[in-house]
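*Asks:* Got a structure for you, questions after.
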Amino acid sequence: MASTAVSLSMPTVPRKRRTPGEIASATPVDGEKKVLLAAPRGYCAGVDRAVIAVEKALEHYGPPVYVRKQIVHNVHVVSTLEEKGAIFVEETDEVPEGALVVFSAHGVSPAVVQSAADRQLRTIDATCPLVTKVHREAVRFARDGNEILLIGHEGHEEVEGTYGEAPDDTTIVNNPDEARTVQVRDPNKLIWLSQTTLSVDETLEIVSILRERFPALQDPPSDDICYATSNRQAAIKKIAPQSDLVIVVGSANSSNSVRLVEVALEYGAKAAYRVDFANQVDESWFEGVASVGVTSGASVPEVLVREVLSLLADYGYGEVEEVVTAQEDILFSLPKELRATLKERGDESRGLGGRVTRPTS
C-alpha cells in the first residue's frame, strides 16, 4: 500500500518572557513606576445588553442559538459564547430554516431582516439602541427628501446596516479626503449622520470640511457618536500626556478600540499598543517606562483588563491610580422579543448597564 505524506504543524511554544530584572537593567526607569487606569472603560450598556441577550437566549431556548456576525467585536466574548452553544454565521442563509438567530449589536439593514423572514427564522434584535436611533434618523431624513452623508468606515457592519435603510439617498464618507471630493445632488437638502464608534476629533474635522463646501449642511438632532465612545476617548486624552506607554485592551476589528490607540498617540503618549489578551503584551515595551496608561474598548470585559494589570504588577507597576473623567449609569432593557419569554418564565432580568459590575435586575 502506498503511503501518504502527512504534514503536521509544529505546536505553538509559549514565548519565554524576559524577567523584570532583565527589563530593568536594559534601560533604567526615571521615576516611580505606576499605572494610570482610565475610567470609564470596557463594556458599554449596548454591549452588555447584546451579550446578555445571547446568554439569556441560550439559557431559555437552549443551544444552538445562531448569531449573525460577531455579537460584539471582541475575540474573548465570541469564543466564550461559542463554548456555551452560540453559533456565529456571516449571513442568515447559513441558519437552518425556522431556527433562532440574534442580530448583533451593530445593527442590520432591512434587507437582512427580510432575508430572515423569508427563511422563517425566529429573531432577537440585539442592535444597540443608540445605533437604532441612527437608523431611524436615516429613514426619516430620506423620507423628507434629504441626501445623507454617512460618516463612517465602509464595510463595517454598523455602516452597512445604516446605509441599508436608505441606500438611494446615502453616500458614505470614510475620511477627510473623501469629504473634500464627495459630490451631492442638492447642497441645500443635505444632512450628515455618523457611525457611533468613530474618533470624535476626526468626525468633527470631516463635518467642518463638509460644511465649508456645503454651508446648508444640517446636523443630526443629537450627537450620533455614542456616549461610551466619547467618554473613553475623553479619558485617554487625559491620561495620554502623562503616559510613557498606553495599552488598550480590545480586538482588531473593534473600531472604538483602534481609535483609542490613535487618540492616545495624538494626545501625547510616547507609545501605544492594542492587545486582546495580557499574553500579547511585549515586556520590551516596559524598557525605560515609568507610567503606563491602561484602558479598554467598549466591547471588552473587565477580566481582560485585570489580567493586564496583573502582568504589569509582575513588572513593578503595582501602583494603580484610577483616572475618572465621567460616571456611567445608562441602562438598556433587553430586546423585546426576549423580554416576553423572560416574563413568562419568571426571569426578572430587565435593565443592563455598561458598568464593571452588572446590575442583577
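The values are calculated or read from the model by the stated rules, or taken from the named source; none is laboratory data. As the structure is a prediction and not an experimental result, all values here were calculated from the model. So basically every Cβ, Gly included, is an ideal-geometry build from the backbone, and we count neighbours across all protein chains shown. The area values use the complete protein model at the heavy-atom level, side chains included, leaving out ligands, DNA and RNA. Shrake-Rupley method; radii C 1.70, N 1.55, O 1.52, S 1.80 Å.
*Asks:* Can you tell me the FRET efficiency between Leu204 and Ala26 if r is taken as the Cβ-Cβ distance and R0 is 45 Å, rounded to the nearest 0.05?
*Replies:* 0.65
*Asks:* Only helical DSSP H runs with n ≥ 4 go in: add -39500 (n - 2.57) per run for the chain, normalise by residue count and round the 222 nm mean residue ellipticity to 500 deg cm²/dmol.
*Replies:* -11000 deg cm²/dmol
*Asks:* At R0 = 51 Å, how high is the FRET efficiency between Thr19 and Asp168 if r is their beta carbon distance? Nearest 0.05 is fine.
*Replies:* That pair, Thr19 with Asp168, gives E of 0.25.
*Asks:* Still on this structure, please answer the following. Please give the Cα centre distance for region 206-280 versus region 288-309, rounded to the nearest Å.
*Replies:* Cα centres, region 206-280 to region 288-309: 16 Å.
*Asks:* Oh, and also: Go ahead and set up a Gaussian network model of the chain, Cα springs under 10 Å, then flag whichever of Val102, Val200, Val134 fluctuates most.
*Replies:* Result: Val200 has the largest fluctuation of those listed.
*Asks:* What is the gain in length, in nm to one decimal, between Arg122 and Gln242 on full extension, counting 0.36 nm per residue of separation less the C-alpha to C-alpha distance?
*Replies:* Taking Arg122 through Gln242 to full extension adds about 38.2 nm, to one decimal.
*Asks:* Count charges around Glu178 for me, please; just the other residues with Cβ under 13 Å from its Cβ, Lys/Arg as +1, Asp/Glu as -1.
*Replies:* Numbers: positive: Arg180, Arg213; negative: Glu154, Asp177, Glu202, Glu205.
Overall, the nearby charge balance is -2.
*Asks:* Moving to a separate point now. Kyte-Doolittle mean at least -1.0 and Cα extent at least 15 Å along the axis: which DSSP H helices of the chain qualify?
*Replies:* Span-like helices in the chain: 45-61, 129-143, 200-213, 227-239, 255-266, 302-314.
*Asks:* If you don't mind, there's one more thing I want to ask. With a 1.4 Å probe and all protein chains left in place, how much accessible area per residue does the chain have, in Å²? Walk me through the numbers on the way to the answer.
*Replies:* Details: 16650 Å² over 361 residues.
With all protein chains present, the chain gives 46 Å² per residue.
*Asks:* Taking 7 Å along the Cα-to-C-beta vector as the label spot, tell me the Arg136-Ala313 distance in nanometres, rounded to one decimal.
*Replies:* 4.5
*Asks:* Excluding the sites themselves, what is the longest stretch of the chain that contains no GluC sites (Glu not before Pro) in a DSSP loop with at most 14 other C-beta atoms within 10 Å?
*Replies:* No qualifying site falls inside 155-318, the longest such stretch.
*Asks:* Could you calculate the contour length gain from Val89 to Val303, that is, 0.36 nm times the residue separation minus the distance between their Cα atoms, to one decimal place in nm?
*Replies:* Working: separation 214, 0.36 × 214 = 77.04 nm, distance 2.61 nm.
Result: 74.4 nm gained on full extension.
*Asks:* Under a crude label model (7 Å from the Cα following the beta-carbon direction), how far is Ala111 from Leu342 in nanometres?
*Replies:* The answer from the label model is 3.3 nm.
*Asks:* Sticking with this one: Mind giving me the nanometre distance, one decimal, between the label points for Val324 and Ser79, set 7 Å out from Cα along Cα→Cβ?
*Replies:* With each label placed 7 Å out from Cα toward Cβ, I get 3.3 nm.
*Asks:* Divide the volume of the convex hull of the Cα atoms of the chain by its number of residues and quote the answer in cubic angstrom per residue.
*Replies:* Considering the Cα atoms of the chain, their hull volume per residue is 200 Å³.
*Asks:* Sticking with this structure for a sec: Leaving ligands, DNA and RNA out of it, report the carbon-plus-sulfur percent of the accessible area of region 76-169 at a 1.4 Å probe.
*Replies:* Carbon and sulfur atoms account for 47 percent of the accessible area of region 76-169.
*Asks:* Excluding same-chain pairs closer than 8 in sequence, count the lysine pairs in the chain whose Cα atoms lie under 28 Å apart.
*Replies:* 26
*Asks:* So, with a 1.4 angstrom probe, what is the percent of accessible area on region 226-361 that is carbon and sulfur? Walk me through the numbers before you get to the answer.
*Replies:* Working: 2710 of 5750 Å².
Percent of accessible area from carbon and sulfur atoms in region 226-361: 47.
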